[in-house]
Amino acid sequence: MDSFLIQTVFYLGAAVISVPIAKRLGLGSVLGYLIAGVLNGPHALSLVGAEADVMKFAEFGVVILLFLIGLEVQPSTLWEMRRTIFGFGGAQVVVTALAVAGVAVVLGLPWQTALAVGLVLAMSSTAIVLQTLDEKGLRQGPVGRAAFGVLLLQDLAVIPLFALLPLLATVAPTTAGEAGSHGASLMTHLPIWAQIASVFAAVAAVVGGGRYLVRPLFRFIAESRLREIFTAAALLIVVGVASLMQMVGLSPALGAFLAGVVLAESEFRRELETDIEPFRGLLLGLFFITVGAGVDLPLIVHKPLTLLGLVLGLMTLKFLVMLGLARLFGAPMRGAAAVATALAQGGEFAFVLLTFTVGAGVIGAPLAALLTAAVAVSMALTPLAMMLYERIAAALDAAVTDVTPDTGAFDEGEPDIIIAGFGRFGQITGRLLTANGFRSTVLDSDIEQIDLLRRFGRRVHYGDATRMDLLRAAGIERARMLIVALDDREKTVELVETARKAFPDLVILARAWDRRHAYDLLANGADAVERETFESALSLGTTALQKLGFRAHRAHRAASFFRRHDRRSFEELRPMWGQEEAYILASRDAAKTMERLLAADLSRLRPGDAGGAWDTASLEQELRERAQTEGAE
Amino acid sequence: MTTLPNTGAAAPATSGVLLVLAHPALERSRANRALAKAAKGLSGVTFRDLYETYPDFAIDIETEQAALVAHDVIALQFPLYWYSTPALMKEWLDLVWLHGFAYGPGGEALQGKRLFVACTTGAGAKAYHAHGYNRFTMDEFLRPLEQTAHLCGMVWETPFVVHGAAVKDDAALKAEAVRYRARISSLLPAETEV
């Protein structure tokens, strides 16, 4: 227990210190984690070991990453991407594997070993690529999409590789079944048809469960209004799917991705994303640290040139193959270079596959150690390579300025308006805006309400809108307006305040309870407020006037005048804002405000007055006098 | 009096008079109240009170167009304000008598119908004369509406004018109301007359 705590201290400490420094230096967080890992690792300060347990735990970060990516990919998007995934991705794996194998044969390896090395090194690092692209803001565009397609296929390709690699054995396998975390641990004794059947059953379970079981489960949890249980349920899904996939010999990351895609259309998507996000960040960080810790420093010291040649050779080869293929698949030069640079490293699957191939007698242990080091170094170099790419691209841009920014979004269309709260108030405002062609995203925590709205095809998400992270997930950074229509005084103020601080330029409109609340909201940064009962009370008053005999237009004008008068006194009674005044206002007797309002009503609005409209008394007087003089003529 | 359903659906047959009244403060106008009361009791007259129906000026164009289509005679009753119609009646003309509906290509909805204007003035008859203080005749002040009828292919009926409406006593107003009722009746087809 003590050692666990101390290790945790080292991991967290390393991350807390090195990541912000790396970011400050413009190196990106991935490199920061990797450096932290190297420094902490067994070969440097030796503060932590590259324990397999930690590694497994850390790999879960990759699983969560893919689950989150899955959440962003609608099944339809996936279908649109089929050419990228199978065409581009498939070509990348095959051509890269053959190219690497060819070089290996030239270097004197037997062809079987060479092919195995090629296949293992064809894999790229999902975690590093996606994290790096994310930080560069490239993940949503065509570059990110292409890279993602390739990575997805690599994940798929790992499955048959476990079956194929043993066939390339040149020496008798030592421990055939030892396949690391990705081995088919439970299924190997089963006949092949049963293995295949169980794979299909597992996939069907994920899809079916996601479709039909998860929603009622989340609804049930949502009704209990316990946020941490929601988080627990989200984690349960990811862990559950990952272990199911592992059981049948599929990649847990792939399973998590599949689960994500299944849930991408669910109303709980944003909430899931928000709940899982922190785990992703930390676990991925841990993953990068363990990769860093796994870099075999003595090996680097002993064979620096071999390793350097290996790393540079590998990255150059992968870069060139990728560049050529991307061009072949119609990518512009700039985008092709970005994808190729991003995918040029070896991946985390290489570690697993290398362990597996050594066990299966395909690759010798010394070679595997060398390759493991090379892959780790290439992963560490990726953020640097991306920086180099950006420098070159920027230099070229300086010469020729014709950059087309990446605007293609992965996500659904961006909302114009975010409506927090879609109850009695928000839905009227929302319907008006939608009817006039504005796209709105609605956040509400009433599950029945959401259900109903979704049946009508509205974009509604479950969640507590006062959470800034959820608002961000809903797209507030690109929205033009936030409408706060919550059914809770304090939460409304809280949301207006935090949203204003985070987004100084956002237009914020808010539903207010009464005068005091309205003043409070304005003081906290709302651009405009509406007292929730004011207009409806005025409207009922107008109807009352009509029923009392007023013509409709007169009643309408009377209400309009009253509204204007009330708005004016609202402004007049609005105190100067400052701490002291706010305090005085808060303690002011409500009855006193009422008194001032009534006095103002009396002095400004005369009974029956609608601004003296069409009062023709003086005109009639003049006409009478005129008629008399004319009559006298 | 027939009341049009507010559904925008056309009345079954094209017949009768659509009497459109615009007075922002009818409660203050003895003359217009008396005239409207006399006319809307006639069968074959559909009465529409614009300021009562659209106090917020949010005119329902489809309903109004359907009402126009369903009648042979369009009668506009209003007090002359600044030598023109009250604001809402102008708004009604602007929004309902549209290009492609009332005039222009495909705008034949009103063709062959009759336009009848009934108008009250504050000043006496003598003021509406080249030598009066209003300097022009009523015919001249109503030219915009007359041209509107012409452009829409409508027949322009001789207007009905009550001068000095505000200063007339009850007996005089009653006489005008009788005259108005008779005039509207003359616009109705014989079989629908009372």
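Numerical summary
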{"read-out": "Candidates B:Leu93, B:Leu115, filtered to the one that is farther than 18 Å from B:Glu52 by Cα, away from chain A (no Cβ under 12 Å), under 20 Å from the mean Cα position of the chain (by Cα) and modelled with pLDDT of 95 or more", "value": "B:Leu115"}
{"read-out": "Subset of region B:49-65 (residues that are within 15 Å of the chain's Cα centre (by Cα) and buried (at least 21 other Cβ atoms within 10 Å of the Cβ))", "value": "B:Leu50, B:Tyr51, B:Glu64"}
{"read-out": "Residues of region B:48-78 satisfying the condition of being among the acidic types (Asp, Glu), in a loop (DSSP other than H, G, I, E, B) and facing chain A (nearest Cβ under 10 Å)", "value": "B:Asp56"}
{"read-out": "Residues being surrounded by 14 or more Cβ atoms within 10 Å (Cβ to Cβ), basic (Lys, Arg) and at pLDDT 90 or above - total across region A:512-551", "value": "2"}
{"read-out": "Residue, farthest from the chain's Cα centre (by Cα), within region B:96-108, restricted to residues that are buried (at least 17 other Cβ atoms within 10 Å of the Cβ) and more than 27 Å from B:Thr121 (Cβ to Cβ)", "value": "B:Gly107"}
{"read-out": "Within region A:67-137, helices (runs of 4 or more DSSP H) holding 3 or more residues that are at positive phi", "value": "none"}
{"read-out": "Boolean, A:Gln427 is at pLDDT 85 or above and crowded, with 17+ Cβ neighbours inside 10 Å", "value": "yes"}
{"read-out": "Residue satisfying all of: in region B:79-90; part of a loop (DSSP other than H, G, I, E, B) and within 16 Å of the chain's Cα centre (by Cα); nearest to the other protein chains (Cβ to nearest Cβ) among these", "value": "B:Pro86"}
{"read-out": "Whichever residue in region A:573-592 is surrounded by 11 or more Cβ atoms within 10 Å (Cβ to Cβ) and within 21 Å of A:Ala528 (Cα to Cα) and, among such residues, is modelled with the lowest pLDDT", "value": "A:Trp577"}
{"read-out": "Residue count, region B:24-47 (criterion: part of a helix (DSSP H, G or I) and away from every other protein chain (no Cβ under 13 Å))", "value": "6"}
{"read-out": "Helices (runs of 4 or more DSSP H) within region A:457-573 that include 3 or more residues more than 33 Å from the chain's Cα centre (by Cα)", "value": "A:515-523, A:534-547, A:552-573"}
{"read-out": "Whichever residue in region A:470-486 is more than 16 Å from A:Leu509 (Cα to Cα) and among the small types (Gly, Ala, Ser) and, among such residues, is modelled with the lowest pLDDT", "value": "A:Ala473"}
{"read-out": "Given (1) part of a loop (DSSP other than H, G, I, E, B); (2) within 14 Å of chain A (Cβ to nearest Cβ), index of the condition B:Lys126 fails", "value": "(1)"}
{"read-out": "Residue within region A:51-61 that is modelled with pLDDT of 75 or more and crowded, with 17+ Cβ neighbours inside 10 Å present", "value": "yes"}
{"read-out": "Residue match in region A:315-324 (condition: touching a helix residue (DSSP H, G or I) at 6+ places or on another chain (Cβ under 7 Å), buried (at least 24 other Cβ atoms within 10 Å of the Cβ), on the phi < 0 side of the Ramachandran plot and modelled with pLDDT of 80 or more)", "value": "yes"}
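The values are calculated or read from the model by the stated rules, or taken from the named source; none is laboratory data. Quick caveat, the model's predicted, so the values are computed rather than measured. Counting neighbours? That spans all protein chains shown, and the Cβs are built from the backbone with ideal geometry, glycine included.
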